[in-house]
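Visitor: Here's a structure for you.
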Amino acid sequence: MGALNGAVIGRSLGEVGGTILGIALCLAVLEVVLYLLFQKLWRHRLAVPIMLITPAAIGLTLLIVIPLLYELRLAFSNMNLYRFKNPQFGLGIAIDNFKRIFTQPVLKQVRILPLLFRTFLWTFIQITFHVAGGLTLAMLLTAKSS
C-alpha cells in the first residue's frame with residue numbers, strides 16, 4: 001500500500017478528471033440555458049437565484065434518488081455475497097425479503113422495530129444537539145460585548 005503523495009493524487013485525478021470535467025461542462029451549459037430562458041426570453045426577476053439553486057437541487061435530487069432506486073432494485077433481488085454478479089429478480093423474492101426483515105432478527109442480533117426505534121432516537125438526539133449547538137454558537141458570535 002503506497003503513501004498518499006503527488007503521483008497518487010495526480011493518477012487519481014486523471015482517472016476521474018474526465019467525469020468531473022463533463023459534470024462541470026454540463027452545469028455550465030445548464031446555467032447558460034437557464035440564464036437565456038429566464039433573463040432574456042421571459043424577463044423573470046428571479047433569474048439569478050434560480051440559476052444558482054438549480055445545480056444544487058439537481059445534485060441533491062441525484063444524491064437521494066439514485067441510491068433510493070438502487071435499494072428498491074436490491075429489494076426485488078436475491079443478491080448477496082455469493083450471488084453478487086448474477087442475482088435473480090422477482091416479486092416473489094421481494095415478498096420473501098420483506099417477510100424475512102419483519103420476522104427474523106436483522107444481522108442475527110435484533111429485530112427490525114427496536115432497530116428502527118434506535119435509528120429514530122439517534123436521529124432525534126443528533127438533530128436536537130446540532131441545532132442547539134449551532135444556535136448557541138450563532139448567538140455567541142452575534143452577541144454584543146459590553
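The values are calculated or read from the model by the stated rules, or taken from the named source; none is laboratory data. Predicted model, so just to flag it, every value in this text is computed and none were measured. Please note: Cβ atoms are built from the backbone with ideal geometry, for glycine as well, and neighbour counts cover all protein chains shown. Accessible surface areas use protein heavy atoms only, side chains included; no ligands, DNA or RNA. Shrake-Rupley method; radii C 1.70, N 1.55, O 1.52, S 1.80 Å.
Visitor: Semi-axes of the equivalent ellipsoid for segment 1-40, please: Cα gyration tensor eigenvalues, times 5, square-rooted, ordered largest first, whole Å.
Guide: After scaling each eigenvalue by five and taking roots: 36, 7, 5 Å.
Visitor: Separate question: Classify segment 68-146 as rounded, prolate or oblate, taking a ≥ b ≥ c as the square roots of the eigenvalues of its Cα gyration tensor: rounded when a/c is under 1.5, otherwise prolate if a/b is larger than b/c and oblate if not.
Guide: Prolate shape, in that a/c is at least 1.5 and a/b is the bigger ratio.
Visitor: Going 7 Å from the Cα of residue 94 toward and past its Cβ, which residues in segment 53-84 have a backbone nitrogen under 17 Å from where you end up?
Guide: 66-79
Visitor: Could you state the angle between the C-alpha long axis of helix 112-142 and the longest principal axis of the C-alpha atoms of the chain, as a value from 0 to 90 degrees rounded to the nearest 10?
Guide: Around 20 degrees separate the two axes.
Visitor: Using amide H atoms built 1.01 Å from N in the peptide plane, name the residues 5+ places from residue 106, or on other chains, whose amide H lies under 5 Å from its own.
Guide: Result for residue 106 returns 111, 112.
Visitor: Mind checking which lysines have their Cα closer than 29 Å to the Cα of residue 108? Skip sequence neighbours fewer than 8 apart in that chain.
Guide: Within the straight-line limit of under 29 Å, residue 108 reaches these lysines: 85, 99.
Visitor: Separation of segment 8-23 and segment 90-146 by C-alpha centroid, Å?
Guide: Computed from Cα coordinates, the inter-centre distance equals 34 Å.
Visitor: So what is the calculated 222 nm ellipticity per residue for the chain, using -39500 (n - 2.57) for each DSSP H run with n of 4 or more, over all residues, to the nearest 500 deg cm²/dmol?
Guide: Computed mean residue ellipticity for the chain: -25000 deg cm²/dmol.
Visitor: What is the percent carbon and sulfur in the accessible area of the chain, measuring with a 1.4 Å probe over the protein chains and ignoring ligands?
Guide: 74 percent
Visitor: Treating only the Cβ atoms of Lys and Arg (+1) and Asp and Glu (-1) as charged, compute the dipole magnitude of the chain about its Cα centre; round to the nearest 20 debye.
Guide: 280 debye
Visitor: DSSP loop trypsin sites (Lys or Arg not before Pro) in segment 42-146 with at most 15 other Cβ atoms within 10 Å of their Cβ, which ones?
Guide: The qualifying sites are 43, 45, 83, 85, 108, 111, 144.
Visitor: If you scale each eigenvalue of the Cα gyration tensor by 5 and take the root, what three semi-axes come out for the chain, rounded to whole angstrom and sorted largest first?
Guide: Largest first, the chain gives 39, 30, 23 Å.
Visitor: Nearest 10 degrees, 0 to 90: what angle lies between the long axis of helix 6-35 and the longest principal axis of the chain (Cα atoms)?
Guide: Once rounded, one gets 60 degrees.
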